[in-house]
1. Which of the chymotrypsin sites (Phe, Trp or Tyr not before Pro) found in region 1-77 are loop residues per DSSP with 11 or fewer other Cβ atoms within 10 Å of their Cβ?
2. At 7 Å along the Cα-to-beta-carbon direction for both Val264 and Ala123, put a label point, then send me their distance in nm to one decimal.
3. Could you grab the relative contact order for the chain? Cα pairs under 8 Å, six or more apart, rounded to a whole percent.
4. Would you grab the residues whose amide H sits under 5 Å from the one on Leu269? Only those 5+ places off in sequence or on another chain, please, with H modelled 1.01 Å from N.
5. Please list log₁₀ I(q)/I(0) at q = 0.22, 0.24, 0.28 Å⁻¹ for region 153-211, using the Debye equation with identical point scatterers on the alpha-carbon positions.
6. Which log10 I(q)/I(0) values, to two decimals, does region 1-113 give at q = 0.17 Å⁻¹ under the Debye formula with one point per Cα?
7. So how exposed is Ser212, as accessible area in Å² (1.4 Å probe, rounded to 10)?
8. Would you mind getting the accessible area per residue of region 47-93, heavy atoms of the protein chains only, 1.4 Å probe, in Å²?
Amino acid sequence: MALRIPAPSRSDLLIGAAVAAVGILEAFTSATSYGAAQNPELWWIPQALIAGAVLCFRRTSPVIVFVATVVIQFLWHRQGYEMCQVHQQAALLIAFHSLGAHLSWKRGAVWGLGGIFVFDIGAVDMRPLPVDEVIFLTVLFGFAYLTGVGLRAWLVRAEKAARQAALAEVERERRAAEAVAAERSRIARELHDVVAHSVSMMVMQAATLRRSQGGENPVLTGIEQAGRDAVNELRVMLGALRMPQDEALPQPGLDMVQNLISTVSNTALTVTLTVSGEPVRLAPGLDLSAYRIVQEALTNAVKYAGEADVQIKITYHPLSVTLEVTDNGRATGTDGLSTGNGLIGMRERAELFGGTLDAGPREEGGFRVCAVLPTSPGVVLV
């Protein structure tokens, strides 16, 4: 496998270019002040370019950059020059800073203190150093390293604060969603306990009065039927209040099942959709629940069936629609169904509209989910 070196950042490229530019300027203007025979000293230019190019990778490879910078300085003194060039000093300070900024505390300290020790004993300068120069190099390079440590500590704190802020925002949104859900559930309970009960009593009283008058009063019959319709609509509305809030937004229906199948095209499943009967326009809530039942059944097939063939059959009947999702993969019990909108959620969706749901392993292998939902108001299959 090929070694992939991350590209240097724009700021590191600018730092490397600045150091190289200073070295090239020194080669043309101050070579003799360092002991060279003439100005310009053209062979210094490649050396400056190498020093600048190495620094471009200080963020991704701080140890390699540090070692390379020290080696360049060592080779410079091996040529007989005692004074250190300005661009080399800058490169060394940047290299020490990078150790503190981009390495862990322990690892950075080992390399930083080791580098200072190598300079203090004169291993790089190729000469014994006086005490004052040792102190100067220790303070200079130590300060450069500590600035990197300080920068790293600040970045770690900033990242931690940002992470805590993000978690706090998530928690705030979660609590807000829970508060909204609790309020929706409270409203649903109030409607069920007060309004639904009262309307049901009105229907019973109207039916009793109609029967006591011979059962042919059209006004009372209308009141009774309107009350029953109101109770059915209220039952559906209460179920909708208990659903997740985002399902109040425009949602897909059975006409979007083909698009749902395309979302699992990169899995091990081979999915086939069959639609039979005369499709009818379903009520929005019923259409959404039918889609969610198919979606959940297909999701569980993706999770548990493995490499399998999945058959989705949608059959429209005069008064109902049948949704059947079967697979021939690894059979799973009801415990294998996912949580949330799993078996319980699918059954609740079916029963909300007076339908039925049957789910379980097949004798020939695999799993089957079958839901029957009424398409006409007042038809109850449970």
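The values are calculated or read from the model by the stated rules, or taken from the named source; none is laboratory data. Computed from a predicted structure; not experimentally measured. Neighbour counts run over all protein chains shown; Cβ positions are idealised from the backbone, glycine included. Calculation scope for accessible area: heavy atoms of the full protein, side chains included, ligands and nucleic acids excluded. Shrake-Rupley method; radii C 1.70, N 1.55, O 1.52, S 1.80 Å.
1. Of the chymotrypsin sites (Phe, Trp or Tyr not before Pro), the ones in loops of region 1-77 whose Cβ has at most 11 other Cβ atoms within 10 Å are Trp43.
2. If labels sit at Val264 and Ala123, their model points lie 6.4 nm apart.
3. Relative contact order comes out at 9 percent.
4. Amide H to amide H, under 5 Å and 5 or more residues apart or across chains, Leu269 pairs with Ala308.
5. -0.86, -0.90, -0.99
6. Evaluating at q = 0.17 Å⁻¹ gives log10 I(q)/I(0) of -0.80.
7. 90 Å²
8. Counting only protein heavy atoms, the per-residue value for region 47-93 is 44 Å².
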